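S.K.: Next up is a structure, given as structure tokens.
The values are calculated or read from the model by the stated rules, or taken from the named source; none is laboratory data. Since we're looking at a predicted model, the values are computed, not measured. In this analysis, Cβ positions are derived from the backbone assuming ideal geometry, glycine residues included, and neighbour counts consider all displayed protein chains.
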Amino acid sequence: MKHITIRLDEELHEFIRRLSFETRTSMNQIIVKLIKKLKQQKETL
């Protein structure tokens, strides 16, 4: 597995942080799931 560092603006960070708290999912897992969904959408085009 590879590691990356990303910079988020305050609004996006707060959104992901709240989502993480509400779903009891790590911020990292949320971001990875979003990237996977984007990849899947691109492949279906």
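S.K.: Counting only residues that are touching a Ser or Thr at 6+ places or on another chain (Cβ under 8 Å) and of a type outside the set (A, V, I, L, M, F, W, C), which one in the stretch 15-28 is surrounded by the most Cβ atoms within 10 Å (Cβ to Cβ)?
M.R.: Across the stretch 15-28, the extreme among qualifying residues is Ser20.
S.K.: Against the condition modelled with pLDDT of 95 or more, exposed (fewer than 10 other Cβ atoms within 10 Å of the Cβ) and either not acidic (Asp, Glu) or not in a helix (DSSP H, G or I) (or both), how does Arg7 come out, does it pass?
M.R.: In short, yes.
S.K.: With the requirement that a residue be closer than 17 Å to Arg7 by Cα and in a helix (DSSP H, G or I), what does the stretch 21-32 give you? Give the steps one after another, and end with the answer.
M.R.: Here is the first cut: in the stretch 21-32, the residues closer than 17 Å to Arg7 by Cα are 26-32.
The answer is Met27, Asn28, Gln29, Ile30, Ile31, Val32.
S.K.: On to the next question. Scan (1) part of a helix (DSSP H, G or I); (2) surrounded by fewer than 11 Cβ atoms within 10 Å (Cβ to Cβ) for the single condition Leu12 breaks and write down its number.
M.R.: Only one criterion is unmet by Leu12, namely (2).
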